[in-house]
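Read the structure below first, then the notes.
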Amino acid sequence: LVIDDVWVDQAAQDAWAAMWRHTAARYRDNPIVVGYDLMCEPNAPGRLLDIWDGETFYSAYGGTLYDWNQMYPRLVESIREVDTNTPILIGAMGWAAVAWLPYLEPVRDPHTVYMVHQYEPQDSYTHQSPSTGHTYPGRFDLNWDNTPDDFNAAWLDQMLTTVDAFKQTNGVPVGVNEFGLVRWAPDGAAYMRDLLRLFEARGMNHALWAFNPSWSPFAHNDDFDFLHG
């Protein structure tokens, strides 16, 4: 199997559920395990279908094996068969991006937390190349219409209203278990200050993605390691 088989093979999805049942049974009483993140950045639409927006994907593939909404509740059930208390962390399709959160269908579980990965605007700022030079605040195209837009705290606040609506509609907590930016992004400290302020104002627990692994094959990749300046 390759990793994408989980989106096209029922047996692979059943195995994923069995894996989580085994994992939960083993670690349910471990005091350093604070939650089970069911899948890091599920993304069948982009990986296999070249679809990049939720409306297009769910209108065509909702309810199929490609659909995380039909898969992840079975993972939750498998975990709860052996562990009723450890929190479960669930991100939406589209790499758990904020824009895909409205398409995630919550389960009836009192210890589930819904998560987002917040790297917006990814291509134009947080993951920019050293030569791009986009600043924060700044003015450049943010929505692929070839027209410059204002990029500032107000833009970030408006983007996060998607989280506000999801929390209000479903009565569930939402956290951020990845965010950050390349260490050479101009005025990155100002961006981080504003983003953290907006997270805190919303009561969103958050975890920085610093990518400083000790595993040698990836130790050279320090794009997000702020300790390297």
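The values are calculated or read from the model by the stated rules, or taken from the named source; none is laboratory data. All of these numbers come straight from a predicted model, not from anything done at the bench. All Cβ positions, even for glycine, are placed from backbone atoms using ideal geometry, and neighbour counts span all protein chains on display. The accessibility values were calculated without ligands, DNA or RNA, using every heavy atom of the protein model including side chains. Shrake-Rupley method; radii C 1.70, N 1.55, O 1.52, S 1.80 Å.
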Problem - Unmet requirement for Met192, which otherwise passes all of (1) touching a residue at least 60 places away in the same chain (Cβ under 8 Å); (2) surrounded by 17 or more Cβ atoms within 10 Å (Cβ to Cβ); (3) assigned to a helix (DSSP H, G or I) - result: (1)
Exercise for the section: Hey, could you check region 209-224 for residues that are free of Cβ contacts under 8 Å to residues at least 12 places away in the same chain and of a type in the set (Phe, Trp, Tyr) and say which is most open to solvent (accessible area, probe 1.4 Å)? Expected result: Trp215
Handout entry: Close pairs (9 angstrom Cβ cut-off, 6 or more residues apart or separate chains): closer than 11 Å to Asp83 by Cα and modelled with pLDDT of 95 or more in region 25-49, open to solvent by 80 Å² or more (accessible area, probe 1.4 Å) and assigned to a loop (DSSP other than H, G, I, E, B) anywhere
Key = Ala25/Glu81; Arg28/Thr84; Arg28/Asn85
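Quick check on Tyr72: is it closer than 21 Å to Glu178 by Cα, touching a residue at least 24 places away in the same chain (Cβ under 8 Å) and surrounded by 15 or more Cβ atoms within 10 Å (Cβ to Cβ)?
Numbers: closer than 21 Å to Glu178 by Cα: yes; touching a residue at least 24 places away in the same chain (Cβ under 8 Å): yes; surrounded by 15 or more Cβ atoms within 10 Å (Cβ to Cβ): yes.
The answer is yes for Tyr72.
Could you look through region 146-159, keep only residues that are over 22 Å from the mean Cα position of the chain (by Cα) and open to solvent by 80 Å² or more (accessible area, probe 1.4 Å), and pick out the one that is nearest to Ala190 (Cα to Cα)?
As a first pass, look at region 146-159 and keep what is over 22 Å from the mean Cα position of the chain (by Cα): 146-150.
Now narrow it down to the ones that are open to solvent by 80 Å² or more (accessible area, probe 1.4 Å): 146, 150.
Numbers: Asn146: 25, Asp150: 15 Å.
Per the criteria, the residue is Asp150.
Name the single residue, out of those in region 1-17 being farther than 16 Å from Cys40 by Cα and either touching a helix residue (DSSP H, G or I) at 6+ places or on another chain (Cβ under 7 Å) or β-branched (Val, Ile, Thr) (or both), that is most open to solvent (accessible area, probe 1.4 Å). Give the derivation first.
As a first pass, look at region 1-17 and keep what is farther than 16 Å from Cys40 by Cα: 1, 8-12, 14-15.
Next, from what is left, pick out any that are either touching a helix residue (DSSP H, G or I) at 6+ places or on another chain (Cβ under 7 Å) or β-branched (Val, Ile, Thr) (or both): 1, 8, 12.
Details: Leu1: 166, Val8: 77, Ala12: 12 Å².
Per the stated criteria, the residue is Leu1.
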Exercise for the section: Test Ala60 against the criterion of being among the small types (Gly, Ala, Ser), modelled with pLDDT of 95 or more and open to solvent by 10 Å² or more (accessible area, probe 1.4 Å), and give yes or no. Expected result: yes
Practice task
May I ask you to list the residues in region 133-145 that are open to solvent by 60 Å² or more (accessible area, probe 1.4 Å) and in contact with a Phe, Trp or Tyr (Cβ under 9 Å, 6 or more places away or on another chain)?
Solution key: Pro137, Arg139
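Here is a yes/no grid of residues against (1) of a type in the set (D, E, K, R); (2) over 20 Å from Gly54 (Cα atoms); (3) touching a Cys at 6+ places or on another chain (Cβ under 6 Å):
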residue	(1), (2), (3)
Val82	no, yes, no
Arg108	yes, yes, no
Gln118	no, no, no
Ser124	no, yes, no
Asn143	no, no, no
Ala154	no, yes, no
Gly180	no, yes, no
Handout entry: Residue under evaluation Ala24, criteria (1) closer than 19 Å to Val107 by Cα; (2) small (Gly, Ala, Ser); (3) open to solvent by 60 Å² or more (accessible area, probe 1.4 Å), criterion not met
Key = (3)
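Restricting the search to region 44-94, which residues are in a helix (DSSP H, G or I), of a type in the set (Gly, Ala, Ser) and within 19 Å of the chain's Cα centre (by Cα)?
Ala44, Gly46, Gly54, Gly94
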